[in-house]
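What follows is one structure encoded as structure tokens, with my remarks underneath.
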Amino acid sequence: MKHPLLTLSLLVFACLSMQAQRKSDLIEEIAQLKMQLDSVNDEVFDARKNEKVAVAKAESYEGQVTELQNANNTLMKNLNSFAEVSNKNSSMVTTAMANLEAKEKQIKVIKDAIATNDSTTIVVLTNVKQTMGENAKIGVSEGAVVISSDLSSLYGSDTGTTLTPAAEAWTEKIANILKANPSTSVTIEGLSMTGDLETPAKQAMAIATLLQSKFAIAPERINALGRDGNLKEGVQVNIHPDFNKFYLMAREQMKN
């Protein structure tokens, strides 16, 4: 009787021992699982934290990329504007250089004309000295060779308007000078110191008429007038380049 009880007791003890051991194993396993869960939770927390940081950085980078794109677009616009301005400036410089070159050519033409006129004046002065003789009253004023004579030798008196034979010979020499220098013109001035300009104008016109009628000088080359001589009287014959032609040439050059 004792043996079956002992056996049953042992069996019960063994079962209880096995249950106690299994419970301990389960508790340990639960503890391990809890540790693993805590570790996973920590990892998830860290992952979420890192995700937020990554999202923030991504948003920051996206904003920087947007700013860089805007800055690049602005820079491209500025470069295009600069290129347009540069092209305009280049075109303006090219135009200005072309205009400057044209002006330089105009100035050169005018300078050459002035130099030609100066040379003409020198030639005429030499010709006048050779033709009119040593006793002639000759001078140069404002680009013209000036030949002067008193009224008495030309008209017989201060108020005369008819040329004397000596005046005709004197006028013929002037005509020869004009023929030798066909590019020149002549301005005949009757000078008065009394305020009466009618008489000196007639005196100048008498010489002009003789140059045309007897010595075949073209009327467009001749100008005659009376003017105040400023305490001087007589006749001044000014042989000069064609100033009207020079003026028209200069004006035409300045139009272009």
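The values are calculated or read from the model by the stated rules, or taken from the named source; none is laboratory data. Note that this is a predicted model, so its numbers are computed, not measured. Ideal geometry is used to build each Cβ from the backbone, glycine not excepted, and the neighbour counts take in all protein chains shown. The protein model used for the area step is the full one, side chains on, heavy atoms only, and it has no ligands, DNA or RNA in it. Shrake-Rupley method; radii C 1.70, N 1.55, O 1.52, S 1.80 Å.
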Report yes if Ile239 is of a type outside the set (Lys, Arg) and more than 12 Å from Leu163 (Cβ to Cβ), otherwise no.
yes
Of those in segment 213-223 that are within 17 Å of Leu154 (Cβ to Cβ) and open to solvent by less than 80 Å² (accessible area, probe 1.4 Å), the residue farthest from the chain's Cα centre (by Cα) is Phe215
Subset of segment 114-172 (residues that are part of a strand (DSSP E or B) and of a type in the set (D, E, K, R)):
Lys137
Within segment 176-204, take every residue that is assigned to a loop (DSSP other than H, G, I, E, B) and touching a residue at least 60 places away in the same chain (Cβ under 8 Å) and give me the one that is most open to solvent (accessible area, probe 1.4 Å).
Ser183
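Each row is one residue, and each column tells you yes or no for (1) touching a strand residue (DSSP E or B) at 6+ places or on another chain (Cβ under 9 Å); (2) modelled with pLDDT of 75 or more.
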{"site": "Asn89", "(1), (2)": "no, no"}
{"site": "Val93", "(1), (2)": "no, yes"}
{"site": "Asn99", "(1), (2)": "no, no"}
{"site": "Ala102", "(1), (2)": "no, no"}
{"site": "Ile107", "(1), (2)": "no, no"}
{"site": "Ile110", "(1), (2)": "no, no"}
{"site": "Asn117", "(1), (2)": "yes, no"}
{"site": "Thr120", "(1), (2)": "yes, yes"}
Residue list for segment 144-162, filter: open to solvent by 30 Å² or more (accessible area, probe 1.4 Å), under 17 Å from Gln236 (Cβ atoms) and of a type outside the set (D, E, K, R)
Ser148, Ser152, Ser153, Thr161
